[in-house]
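In what follows, a single structure is set out as structure tokens and then discussed.
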Amino acid sequence: MTVIYMNNAATAWPKAPGTAEAVAEKIDVVSVHPGRGGFEAEDPESDCRQLLANLMAVNDPARIILTSNATDALNIALQGFRFNPEDLVLTTVAEHNSVLRPLHYMKKLKNIKVAYVEVDRSGRVKPDKWAKALKRYKPQLAVFTHASNVTGSVNPVEEMAGLAKEVGAAVLLDASQTLGLIEVLPRKWSVDMVAFTGHKYLLGPPGTGGLYIGPEVDLEPVLVGGTGILSELEEMPPALPFRYEAGTPNTPSFAGLAHALSWQRENPAPIKEILDRAGRLASGLSALRAQVTSWNGQHTPVVSFTLPGWPTEDIGEMLQMSFNVVCRTGLHCAPLVHKYLSDEAGGTIRFSLSRFNTDTEVDYVISSIGRIIG
Amino acid sequence: MSEFERKKLEDCFVSRAVYQYRLEKKIDEAFVSWLEKISLSCSCRRDLPRPYFNSTLADGTQIKGVLGDTAIKVVYPDTSAESSQKAFEEILWVQP
């Protein structure tokens, strides 16, 4: 039985065609660190930086710091931010633990404060509540997700960032769920930093991610060590990207990401088609009386739902074990958002589509749910 | 006597003890019948492409899986995970 994969909000599968080969090829070639030891060599990291800079419409590729994942990037941003004790970070209840846990850690480590803005029943931040919280707390940093990984609802980034700027806050955007799928434009939107992953909608390998750092932000390096340049300095070199990239990079995986980015550039995601398919899935599930979280606006191809009387975990197990349908159930590492949605503490069943899913697969998934619930 | 391999599984919830047991032979109707005998409740969805069973023992331990596979998923109750695990593994070891 063929696997039907609908867990792309966790990690994309399949990857961009040729990605695995690009990784394997880089593992097989003789290891020469670009810029380290004076050899000319192919430089997948620089290729990634340039392709990512083009994708996000930023001028200077050196401002793209390559990391091992979005969590790594978020930690560089949150732990490296120059907080004073009692400073405040404003965030939202829709955040993933990759934001919530570093903030919790920073509360203890640097004695900062954190305030959380509520979301509506679609998992989206309401700008009026955001504005009110900004005026009340006057944060030094505002961090929020571009799209909820639980519901797919996309936040109005430009408006939220603009409001944060009005009170002097720096803005950190978590674009883990959106980069490669919809526009992410930090310079246009007044966003200072963007954290992202390579293995979701960029269709690259795991072990890749990054952080865009705008010119108005100066972070303390969190991880320090060898950079291959300016070795006589005791501290990390001031130049980007080296200042925030200590240690040997994951070159084979970045070769894979560079390949995936090039492939995406030549084959842009057919977003309308993917969203239509997600809509078809949501409608089919609603017809089966599933309680599907409504999007009420711009969204990613995530369909999150519960089935009254059915434990979410059992549905996920039956889908996977009996029907070879891969989805995700539970809290989705975003524990605070669920009390604002229609689900209870058991979380939701989540399908997250990619460009590679088909109408036939969507129909099979709907009929599988129909058979499970009788 | 029946050999098995045990692997701890992780999920979203803090206090749950979830394990996968890989058995030495494929799960068949005899295994489900055995589960029915030892369980407080046991259902088997034979109408699904791969029949799915879900049983609950008196102490709250849940055993789930599909016919034809070699793995079962076992969720031990929060309050007695250690003793429930010991008790279940003892009977799993001697299941026919």
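Ranking A:Trp310, A:Leu100, A:Gln140 by Cα position along the charge dipole of the protein assembly as shown, where only Lys, Arg, Asp and Glu carry charges on their C-beta atoms, puts A:Trp310 farthest toward the positive end.
Our coupling estimate for the range A:167-176, obtained by passing each phi through the Karplus curve with A = 6.51, B = -1.76, C = 1.60 and θ = phi - 60°, is 9, x, 7, 6, 10, 10, 10, 8, 9, 4 Hz, Gly and Pro reported as x. Model label points for B:Glu90 and A:Val30, set 7 angstrom from Cα along the Cα-to-Cβ axis, are 6.5 nm apart. Calculated FRET efficiency, B:Lys25 to A:Thr248, Cβ-Cβ distance, R0 = 51 Å: about 0.65 to the nearest 0.05. Taking packing as the residue-averaged number of other Cβ atoms within 10 angstrom, the listed peptides A:72-78, A:83-89 run from highest to lowest as A:72-78, A:83-89.
Between the Cα long axis of helix B:81-94 and the first principal axis of chain B there is an angle of about 30°, rounded to the nearest 10. Relative to the dominant Cα principal axis of chain A, helix A:44-55 is inclined by about 60°. The apolar share of the surface of the range A:291-361, taken as the fraction of accessible area on carbon and sulfur atoms (1.4 Å probe, ligands and nucleic acids excluded), comes to 53 percent.
Among A:Asn8, A:Gly284, A:Phe323, whose Cα projects farthest towards the positive end of the dipole of chain A, with charges put on the beta-carbon of Lys, Arg (+1) and Asp, Glu (-1)? Toward the positive end, the furthest listed residue is A:Gly284. Modelled this way, with points 7 Å down the Cα-to-C-beta line, the labels at B:Asp59 and A:Lys107 are 3.6 nm from one another. Shielding value for A:353-360 is 0, the average number of Cβ atoms from other chains within 10 Å of each residue's Cβ. Using the alpha-carbon atoms, what tilt in degrees (0 to 90, nearest 10) does helix A:157-166 show relative to the longest principal axis of chain A? Taking Cα atoms only, the helix is inclined about 50 degrees. Total lysine pairs in the range A:19-266 at Cα distances under 16 Å, for residues eight or more apart or on different chains: 9.
Calculated mean residue ellipticity, 222 nm, the protein assembly as shown: -10500 deg cm²/dmol, from DSSP H runs (n ≥ 4) at -39500 (n - 2.57) each, averaged per residue and rounded to 500.
Give the carbon-plus-sulfur fraction of the accessible surface of the range A:19-266 in %, rounded to a whole number; probe 1.4 Å, heavy atoms of protein chains only. Could you put the intermediate results ahead of the total?
Details: 5320 of 10530 Å².
After summing per-atom areas, the C and S share lands at 51 percent.
The mean number of Cβ atoms from other chains found within 10 Å of a Cβ in peptide B:67-74 is 1, as a whole number. The listed peptides A:100-113, A:199-212, A:227-240, B:64-77, ordered by packing as a protection proxy, come out as A:199-212, B:64-77, A:100-113, A:227-240 (highest mean of other Cβ atoms within 10 Å first).
Mean partner shielding of peptide A:314-324, defined as the number of other chain Cβ atoms within 10 Å of each residue Cβ, is 5.
Take each peptide in A:145-153, B:52-60, count the other Cβ atoms within 10 Å of every residue, and average; sorted highest first, the result is A:145-153, B:52-60. Take chain B and mark each of the GluC sites (Glu not before Pro) that is in a DSSP loop with at most 13 other Cβ atoms within 10 Å; the longest unmarked stretch, sites excluded, is B:25-96.
The values are calculated or read from the model by the stated rules, or taken from the named source; none is laboratory data. If you're wondering where the values come from, they're calculated on a predicted model, not measured in any experiment. FYI the Cβ positions are ideal-geometry reconstructions off the backbone, even for glycines, and counts take in every protein chain you see. Just the protein is used for accessible areas: all its heavy atoms, side chains included, with ligands, DNA and RNA removed. Shrake-Rupley method; radii C 1.70, N 1.55, O 1.52, S 1.80 Å.
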